[in-house]
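A.B. asks: I'd like to ask you about the structure that follows.
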Amino acid sequence: MTQPSTWEQILDYSNRANPYPFYDELRKTPVTRLADGSYLVSTYAEIAALLHDPRVSSDIDRNPAAAAAGATGDGEGGPGMSPTFLSMDPPDHDRFRRMTMRHFGPPTTPARVAGMEARMTDIVTDLIDKMTAPGRIDVVDDLAYPLPVTVICELLGVPPGDEQRFRVWVDVALQSTDPGLDPETQQEKRAEAGRELRAFMEELVDAHRRAPGNDLLSAMAADDGPEGRMPDDQLVSTGLLLLIAGHETTVNLISNGALTLLRHPAELQRLRSNPDLVIPLVEELLRYEPPVHFVPFRTALDDIDIAGTTIPAGASLTLVLAAGNRDPAHVADPDLFIPDRPNNQHLGFGGGVHLCFGAPLARLEAQIALTAFATRLENPRLVSDPPPYRPSPFLRGPSHLPIDIDGIAGA
Ligand code: HEM
């Protein structure tokens, strides 16, 4: 029997619950060349350097591995979809990111995220009030999913009932490996879901232009800012990027957080008695159990000498953020969850020009959800450890997290 390749081990579902021993092996060769000529980078210093290196491109159309996987040509969002700033390089990346940020954060719109704090608290209060106690709840379905999806819909201006429509398409569009389907059927299903999502967002942009609200899509659709108006195809792709990136990742941060707290009862107790601990605790979670395990499809634009290896111009790179986060050369005792460790710098939000756009929103949601989880749920206990995981090796988190509780404290 041949040994599974490194990439096969990353995709292997049996590693999903605990990929960290495999990452320990991977870090022994900081820059690993795979059989297809692409490279995996797994150590903190090297990942951080490449995230900031202008010789590393995010342009998906330049990437040989993306082309082989059928992910180029139509943009990262599916057929007919323009690529978003996530998969562009400066200066286009910077321009479209600035045009979007104008309506999301400081200096132009400082209140968009901060102004939602009270609403987020209300959503979490309602979700917890609805739980049955004593009894069994599912942290994913009852808290970790509905909070970020409601928040991003309200922020963008997506009507509440529409979540039912896009949830299925998003699931299919994100499915990286469905063992039940052959690759062609998979690609066709992804393409179909991409078309549905695009039509859905086009309709929304039109509706917001006709009747603007106080939301991000309306603001972007009407803006003739200093850099002009964002073309419609770009607006549709960016709306979808924000909708999807805006909840799929945060769901995992909240459920990974609840799971980690239940595995560390002393930390759960500390958070219960000192809710201020939540701020460093969420940063430590982004290091210890990050929702995004790697960024794929980066391309070397030139030969790059790094950690004794030359990555040749044109090669594809995958940066394994989750392995870098547990690099003992970066943090002491990397496999321990220590919320107030002196150095909790992490790669959970990536780095460099593509550093996560939504980080302030994700942090606030996770802080509010985990504080309420710790202070309101009485005697929470895991039903199974490990819980079942979602298939994706890249957006990693439990598909369900059933727990038993004895009661619910008042908000
Ligand atoms: C815990 C939650 C989140 C995590 C772990 C996360 C992680 C990341 C990472 C690792 C990147 C870098 C990707 C790369 O370098 O190619 C990124 C970029 C991005 N994220 Fe997030 N994200 C989260 C939440 C959000 C939210 C709530 C939003 C939207 C409101 C968002 C929007 C984006 C966008 C638009 C980019 C592209 C930035 C650019 O290319 O300049 N993310 N995120």
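The values are calculated or read from the model by the stated rules, or taken from the named source; none is laboratory data. Model, not experiment: these values are computed from the prediction. So basically every Cβ, Gly included, is an ideal-geometry build from the backbone, and we count neighbours across all protein chains shown. What goes into the accessible areas is simple: the full protein's heavy atoms, side chains included, and nothing from ligands, DNA or RNA. Shrake-Rupley method; radii C 1.70, N 1.55, O 1.52, S 1.80 Å.
A.B. asks: So, Ile408, is that one surrounded by 19 or more Cβ atoms within 10 Å (Cβ to Cβ) and among the aliphatic types (A, V, I, L, M) or not? Before you say what the answer is, go through the steps one by one.
C.D. replies: On the way: surrounded by 19 or more Cβ atoms within 10 Å (Cβ to Cβ): no; among the aliphatic types (A, V, I, L, M): yes.
No, not satisfied.
A.B. asks: Still on this model: Among the residues of the range 118-131, write down those that are loosely packed, with under 15 Cβ neighbours inside 10 Å and assigned to a loop (DSSP other than H, G, I, E, B).
C.D. replies: First, pick out the residues of the range 118-131 that are loosely packed, with under 15 Cβ neighbours inside 10 Å: 118-119, 122, 126, 129-130.
Result: Lys130, single match.
A.B. asks: So which residues in the range 288-328 are assigned to a loop (DSSP other than H, G, I, E, B) and open to solvent by 30 Å² or more (accessible area, probe 1.4 Å)?
C.D. replies: Those that are assigned to a loop (DSSP other than H, G, I, E, B) and open to solvent by 30 Å² or more (accessible area, probe 1.4 Å): Leu301, Asp302, Asp303, Ala307, Gly308, Pro312, Ala313, Gly314, Pro328.
A.B. asks: Go through Gly246, Gly239, Gly225 for me and flag whichever is open to solvent by less than 30 Å² (accessible area, probe 1.4 Å), within 22 Å of Arg97 (Cβ to Cβ), modelled with pLDDT of 95 or more and of a type in the set (Gly, Ala, Ser).
C.D. replies: Numbers: Gly246 fails: modelled with pLDDT of 95 or more; Gly225 fails: modelled with pLDDT of 95 or more.
Of Gly246, Gly239, Gly225, the one residue that is open to solvent by less than 30 Å² (accessible area, probe 1.4 Å), within 22 Å of Arg97 (Cβ to Cβ), modelled with pLDDT of 95 or more and of a type in the set (Gly, Ala, Ser) is Gly239.
A.B. asks: As an exercise: evaluate Gly348 against (1) open to solvent by less than 20 Å² (accessible area, probe 1.4 Å); (2) more than 23 Å from the chain's Cα centre (by Cα) and give the number of the one condition it does not meet.
C.D. replies: The single condition Gly348 does not satisfy is (2).
A.B. asks: Could you please let me know if Ala266 is assigned to a helix (DSSP H, G or I), open to solvent by 40 Å² or more (accessible area, probe 1.4 Å), within 30 Å of His208 (Cβ to Cβ) and of a type in the set (A, V, I, L, M)?
C.D. replies: Details: assigned to a helix (DSSP H, G or I): yes; open to solvent by 40 Å² or more (accessible area, probe 1.4 Å): yes; within 30 Å of His208 (Cβ to Cβ): no; of a type in the set (A, V, I, L, M): yes.
Answer is no for this residue.
A.B. asks: Going by what's in this entry, would Leu285 be described as away from the ligand (no atom under 16 Å from the Cβ), touching a residue at least 60 places away in the same chain (Cβ under 8 Å) and buried (at least 20 other Cβ atoms within 10 Å of the Cβ)?
C.D. replies: Criteria not met by Leu285.
A.B. asks: I would also like to ask the following. Which ones in the range 351-366 are near the ligand (Cβ under 8 Å from one of its atoms) and surrounded by fewer than 19 Cβ atoms within 10 Å (Cβ to Cβ)?
C.D. replies: From the range 351-366, those near the ligand (Cβ under 8 Å from one of its atoms) are 351-359, 361-363, 365-366; that's our starting set.
Result: Gly352, Val353, Leu355, Cys356, Ala359.
A.B. asks: To continue, here is another question. Return the total of residues in the range 269-282 being in a helix (DSSP H, G or I) and open to solvent by 30 Å² or more (accessible area, probe 1.4 Å).
C.D. replies: Applying the first criterion (in a helix (DSSP H, G or I)) to the range 269-282 yields 269-273, 275-282.
Filter once more, so that each one left must be open to solvent by 30 Å² or more (accessible area, probe 1.4 Å): 269-270, 272-273, 275-276, 279-280.
Final tally of qualifying residues: 8.
A.B. asks: Turning to a different aspect of this structure: Restricting to the range 132-147, give me the number of residues that are in contact with a strand residue (DSSP E or B) (Cβ under 8 Å, 6 or more places away or on another chain) and open to solvent by 20 Å² or more (accessible area, probe 1.4 Å).
C.D. replies: Qualifying residue count for the region: 5.
A.B. asks: Still on this structure: Would you call Gly213 assigned to a loop (DSSP other than H, G, I, E, B), within 22 Å of Pro148 (Cα to Cα) and open to solvent by less than 70 Å² (accessible area, probe 1.4 Å)? Give the steps one after another, and end with the answer.
C.D. replies: Working: assigned to a loop (DSSP other than H, G, I, E, B): yes; within 22 Å of Pro148 (Cα to Cα): yes; open to solvent by less than 70 Å² (accessible area, probe 1.4 Å): yes.
Here the answer is yes, as Gly213 does meet what is asked.
A.B. asks: For the range 39-70, which positions are over 16 Å from Gly350 (Cβ atoms), open to solvent by 10 Å² or more (accessible area, probe 1.4 Å) and small (Gly, Ala, Ser)?
C.D. replies: Selection gives Ala65, Ala67, Ala68, Ala69, Gly70.
A.B. asks: Right, something else. Looking at the range 1-54, which of its residues are in a loop (DSSP other than H, G, I, E, B), within 21 Å of Ala67 (Cα to Cα) and aliphatic (A, V, I, L, M)?
C.D. replies: Let us first name the residues in the range 1-54 that are in a loop (DSSP other than H, G, I, E, B), namely 1-5, 12, 16-19, 28-30, 34-38, 42-43, 52-54.
Applying the additional criterion that residues be within 21 Å of Ala67 (Cα to Cα) yields 5, 34-38.
Answer for the range 1-54, where residues must be in a loop (DSSP other than H, G, I, E, B), within 21 Å of Ala67 (Cα to Cα) and aliphatic (A, V, I, L, M): Leu34, Ala35.
A.B. asks: Could I ask something else about it? Taking into account only those residues within the range 329-363 that are in a helix (DSSP H, G or I) and not basic (Lys, Arg), which is nearest to Leu216 (Cα to Cα)?
C.D. replies: Within the range 329-363, the first condition is being in a helix (DSSP H, G or I), and the residues that meet it are 352-354, 359-363.
Restricting the remaining residues to those that are not basic (Lys, Arg) gives 352-354, 359-362.
Values: Gly352: 25, Val353: 22, His354: 20, Ala359: 17, Pro360: 16, Leu361: 14, Ala362: 17 Å.
Going through the qualifying residues, I end up with Leu361.
A.B. asks: Sticking with this structure for a sec: Mind checking which pairs have a first residue in the range 37-63 that is over 26 Å from Pro334 (Cα atoms) and without any contact (Cβ under 8 Å) to a residue 40 or more places away in the chain and a second that is in a loop (DSSP other than H, G, I, E, B) and among the β-branched types (Val, Ile, Thr), Cβ under 9 Å, 6 or more apart or different chains?
C.D. replies: Here the result reads Asp61/Thr72, each pair linking the range 37-63 to a residue that is in a loop (DSSP other than H, G, I, E, B) and among the β-branched types (Val, Ile, Thr).
A.B. asks: Does Leu262 qualify as being more than 16 Å from the ligand (Cβ to nearest atom) and either closer than 19 Å to Gly348 by Cβ or in contact (Cβ under 8 Å) with a residue 60 or more places away in the chain (or both)?
C.D. replies: Taking the combined requirement at face value, the residue satisfies it.
A.B. asks: Moving to a separate point now. If Thr371 satisfies every condition in (1) more than 22 Å from Gln269 (Cβ to Cβ); (2) buried (at least 19 other Cβ atoms within 10 Å of the Cβ) but one, which is the exception?
C.D. replies: Condition not satisfied by Thr371: (1).
A.B. asks: Okay, next question. Can you tell me which residue among Pro334, Pro328, Pro312 is more than 16 Å from the ligand (Cβ to nearest atom), without any contact (Cβ under 8 Å) to a residue 60 or more places away in the chain and in contact with a strand residue (DSSP E or B) (Cβ under 8 Å, 6 or more places away or on another chain)?
C.D. replies: Residue meeting the stated conditions: Pro312.
A.B. asks: Can you tell which of Leu127, Leu143 is closer than 25 Å to Leu395 by Cβ and touching a residue at least 40 places away in the same chain (Cβ under 8 Å)?
C.D. replies: So the residue among Leu127, Leu143 that is closer than 25 Å to Leu395 by Cβ and touching a residue at least 40 places away in the same chain (Cβ under 8 Å) is Leu143.
A.B. asks: Out of Gly161, Gly194, which single residue is open to solvent by less than 10 Å² (accessible area, probe 1.4 Å), at pLDDT below 95, away from the ligand (no atom under 16 Å from the Cβ) and out of contact with any Phe, Trp or Tyr (no Cβ under 7 Å at 6 or more places or on another chain)?
C.D. replies: Of the residues listed, the single one that is open to solvent by less than 10 Å² (accessible area, probe 1.4 Å), at pLDDT below 95, away from the ligand (no atom under 16 Å from the Cβ) and out of contact with any Phe, Trp or Tyr (no Cβ under 7 Å at 6 or more places or on another chain) is Gly194.
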